[in-house]
Amino acid sequence: MRKSLIITRAAISAAAAMAAVALVTSPAGATSASTQWRIPGGDTWEVNAWHCTTYWDVCDWTASAKLLGNAPPNAIWINNRTELEAHGVGVSIEISKEPKATLEMKSDSLGQVTWTNNNAWIADNSGTMDPSWSTVYVSTRSCGSGQVTPDIFVSEKCVYAGAF
């Protein structure tokens, strides 16, 4: 009986550990937002934001602006501006980004990452957020703008991935 109790406890502990790992690393543990707009010429403009919901130390994030279609297949230039923020009282955040992008810290808890891509259909950003221990939640606001053709300019369009 004692041996079976030890095996049962070990099985329960292993199952709990696996569930915790799945919760922290699973794509289901993500907060995201995505919206599309039709633009003149028949193409679609899409803006996306994504970040992990559950994290132990750091949280991955990704954001993009996309020109979808063939009229034309690439924009003259396309820009993604992403705001990453830690929410709570007296919180701070450290942000990593791809080398091609520019990072500007607006405050201790808010950073902005910007990337402009020329003759392309996408401008995407990604990295990690490292919020302070007292952070209640993090958010990602992704905005896209671009010059599709000399006659078609897309003003900044944004999506917000918040706490839930």
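The values are calculated or read from the model by the stated rules, or taken from the named source; none is laboratory data. Given the structure is predicted, the values throughout are model-derived calculations rather than measurements. FYI the Cβ positions are ideal-geometry reconstructions off the backbone, even for glycines, and counts take in every protein chain you see. The accessibility values were calculated without ligands, DNA or RNA, using every heavy atom of the protein model including side chains. Shrake-Rupley method; radii C 1.70, N 1.55, O 1.52, S 1.80 Å.
Using square roots of five times the C-alpha gyration tensor eigenvalues, list the equivalent-ellipsoid semi-axes of the range 29-164 in whole Å, biggest first. Could the numbers behind the result be given before it?
Values: eigenvalues 173, 38, 24 Å².
So the equivalent ellipsoid measures 29, 14, 11 Å along its semi-axes.
Order the following by accessible area, largest value first: Glu156, Glu83, Glu94. Probe radius 1.4 Å; ligands, DNA and RNA are ignored. Write down the numbers at each step before the final one.
Values: Glu156 85, Glu83 45, Glu94 130 Å².
Putting Glu156, Glu83, Glu94 in descending order of accessible area: Glu94, Glu156, Glu83.
Apply 1/(1 + (r/R0)^6) to the Cβ-Cβ distance of Trp77 and Asp57, taking R0 = 30 Å, and write down the FRET efficiency to the nearest 0.05. Intermediate values should be presented prior to the final figure.
On the way: r = 36 Å, r/R0 = 1.20.
Taking R0 as 30 Å, the efficiency between Trp77 and Asp57 is 0.25.
Sorted by accessible area (1.4 Å probe), largest first, how do Trp45, Trp56 line up?
Numbers: Trp45 0, Trp56 230 Å².
Correct descending sequence by accessible area is Trp56, Trp45.
Relative contact order of the range 33-128, please, whole-number percent, based on alpha carbon pairs below 8 angstrom and at least 6 residues apart.
Computed over the range 33-128, the figure is 29 percent.
What aspartates and glutamates sit close enough to Lys100 to cross-link, taking a C-alpha to C-alpha distance under 17 Å and skipping anything fewer than 8 places away on the same chain?
In chain and number order, the partners are Glu83, Asp124.
To the nearest 20 Debye, how big is the dipole of the range 66-163 about its Cα centre, given +1 on the beta carbon of each Lys and Arg and -1 on that of each Asp and Glu?
Details: 7 positive and 10 negative charges, 45 e Å.
Charge dipole, the range 66-163, about its Cα centre: 220 debye, nearest 20.
Checking the a/c ratio against 1.5 first, then a/b against b/c, what shape does the Cα gyration tensor give for the range 105-164? Present the calculation step by step, with values, prior to reporting the outcome.
Working: a/c = 2.96, a/b = 2.42, b/c = 1.22.
Prolate is the answer for the range 105-164, as a/c is 1.5 or above and a/b outweighs b/c.
Grab the Cα-Cα distance for Asn119 and Gln36, subtract it from 0.36 nm times how many residues apart they are, and report the gain in nm with one decimal. Write out the running numbers ahead of the final one.
On the way: separation 83, 0.36 × 83 = 29.88 nm, distance 2.03 nm.
Going from the current span to full extension adds 27.8 nm.
I need the calculated FRET efficiency for the pair Gln147 and Asp108, taking r as the beta carbon distance and R₀ as 30 Å, to the nearest 0.05. Show your work: numbers first, answer last.
Details: r = 34 Å, r/R0 = 1.14.
Rounded to the nearest 0.05, the efficiency is 0.30.
For the pair Leu68 and Val89, how long in nm is the line joining their label points, each one 7 Å along Cα→Cβ?
Going from the Leu68 label point to the Val89 one covers 4.3 nm.
Between Thr102, Leu68, Asn48, whose Cα lies farthest towards the positive end of the dipole of the range 37-102 when Lys and Arg beta carbons carry +1 and Asp and Glu beta carbons carry -1, centred on the Cα centre?
Leu68
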